[in-house]
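Working notes, structure below.
The values are calculated or read from the model by the stated rules, or taken from the named source; none is laboratory data. The structure displayed is predicted, hence computed values, not measured ones. Every residue, glycine as well, gets a Cβ built from its backbone with ideal geometry; the counts of neighbours run over all protein chains shown. Side chains are part of the model used for accessible areas, which takes the heavy atoms of the whole protein and leaves out ligands, DNA and RNA. Shrake-Rupley method; radii C 1.70, N 1.55, O 1.52, S 1.80 Å.
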Amino acid sequence: MFEAFVNPDITSKFWFTKGSGRLKPGNPVTWDWEIYGLSVLVDVKTVEKNSRILIDWSAYGALTTVEWIFTSRRDNTTFVTVTNKGFPGDEDQAVQHALRSTEGFALLLSGAKALLEHNLQLNLGRDRFLDGIGKL
């Protein structure tokens with residue numbers, strides 16, 4: 001599971017369309033959603049193999065922090081928790097950003113699960129904004 005999130009050759013099958021490199025601390029990467037003409041610079045803070053990823057990225061007009069925690073379970077599965085924080089704006093705006101982020105990461109995790117457990121590419125990222133990405 002962990003490798004799917006640090007290796008852009010795998011991640012691009014369920015989230016962004018292109019990544020400039022593996023996630024390594026101190027190694028900035030770019031994630032592209034080519035179908036939307038969108039690129040995001042990612043500052044990789046921490047990568048703890050099979051355990052944790054911590055990044056800063058530009059979302060909603062400001063840097064926010066995203067943390068993935070990978071927890072191994074007794075049944076030989078992995079539970080992934082995603083936290084995104086630091087949204088800009090007043091309280092109402094921050095709540096709207098958090099809701100959109102939650103939706104996006106739910107789709108990300110669903111796509112990862114389908115790919116890794118059933119070898120299915122659901123194209124959830126591509127299908128999320130059928131009429132264009134608009135203003136996030």
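Structure data summary
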read-out	value
Cα centre as origin, Lys/Arg/Asp/Glu Cβ charges: the chain dipole, Debye	400 debye
Residue-by-residue Karplus 3J(HN,Hα) for the range 96-111, coefficients 6.51, -1.76, 1.60, Hz, glycine and proline x	4, 4, 5, 5, 5, 4, 4, 4, x, 6, 5, 5, 4, 5, 5, x
Cα gyration tensor shape of the range 1-99, rounded if a/c is under 1.5, else prolate or oblate by comparing a/b with b/c	oblate
Rounded if a/c under 1.5, otherwise prolate or oblate - the range 62-130, Cα gyration tensor axes	oblate
Gap separating the Cα centres of the range 31-46 and the range 62-123, nearest whole Å	15 Å
Surface share of carbon and sulfur [accessible, 1.4 angstrom probe, percent] for the chain	49 percent
Residues of the chain: accessible area per residue with a 1.4 Å probe, Å²	59 Å²
Most positive-pole-ward Cα, 42, 10, 93, against dipole of the range 3-136 from beta carbon charges	10
